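Everything on this sheet refers to the single structure shown next.
The values are calculated or read from the model by the stated rules, or taken from the named source; none is laboratory data. None of these values were measured; they are calculated from a predicted model. FYI the Cβ positions are ideal-geometry reconstructions off the backbone, even for glycines, and counts take in every protein chain you see.
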Amino acid sequence: MAALQYSAMIRDVSKDIVGVCPRNGLPSYDLVLLGSGADGHCASLYPDSPQVVCSPGSDHFYLPAEGKGGITLSLDAIMSARHVLLSAGKYSQADMVRKCLGWSNASTNTKFPAGMIAALPGTTVEWLVTEASAVELPALIQWMAS
């Protein structure tokens, strides 16, 4: 119920403040800043959870956050933002970073929600990684060393 109420409130905000994504009609934030977990979760969207399996393709902006008692953005809402910034800085996240950034099926792999966040037209998606979290991305490590 809270997710529906918050979604309605955001949709009622002036379009000068919260824009509208031309692809799907969802509200469009300027920036969504997300951390990620070693298991591939982000924004309280956990691997294979109903919130992830039902998205993308959902018209929901906010969803109940699994196990948190709060609400979170849907994957579609995240990808409706103008800019998405994902962070992963720990060595324990290296496997997840490789799977999210290096697998061709990452955008549909519900086991790694962070990897499902793709740059669609009108959205930029950037990852902040460290040498430790990118250690399994050989091309990136070679570039950083040169």
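Per the listing VAL52, VAL18, VAL13, the residue uniquely touching a Leu at 6+ places or on another chain (Cβ under 7 Å) and either closer than 15 Å to SER80 by Cβ or modelled with pLDDT under 90 (or both) is VAL52. Quick one: would you say LYS111 is closer than 25 Å to VAL129 by Cβ and either surrounded by fewer than 18 Cβ atoms within 10 Å (Cβ to Cβ) or of a type in the set (Ser, Thr, Tyr) (or both)? It is true that LYS111 is closer than 25 Å to VAL129 by Cβ and either surrounded by fewer than 18 Cβ atoms within 10 Å (Cβ to Cβ) or of a type in the set (Ser, Thr, Tyr) (or both). Screening segment 7-21 for residues that are under 17 Å from SER74 (Cα atoms) and not basic (Lys, Arg) and picking the one that is nearest to the chain's Cα centre (by Cα) gives CYS21.
Which ones in segment 110-125 are more than 12 Å from CYS100 (Cα to Cα) and outside any loop (DSSP other than H, G, I, E, B)? Of everything in segment 110-125, those that are more than 12 Å from CYS100 (Cα to Cα) and outside any loop (DSSP other than H, G, I, E, B) turn out to be THR124, VAL125. Taking (1) touching a Phe, Trp or Tyr at 6+ places or on another chain (Cβ under 7 Å); (2) in contact (Cβ under 8 Å) with a residue 24 or more places away in the chain in turn, VAL97 satisfies each apart from (1).
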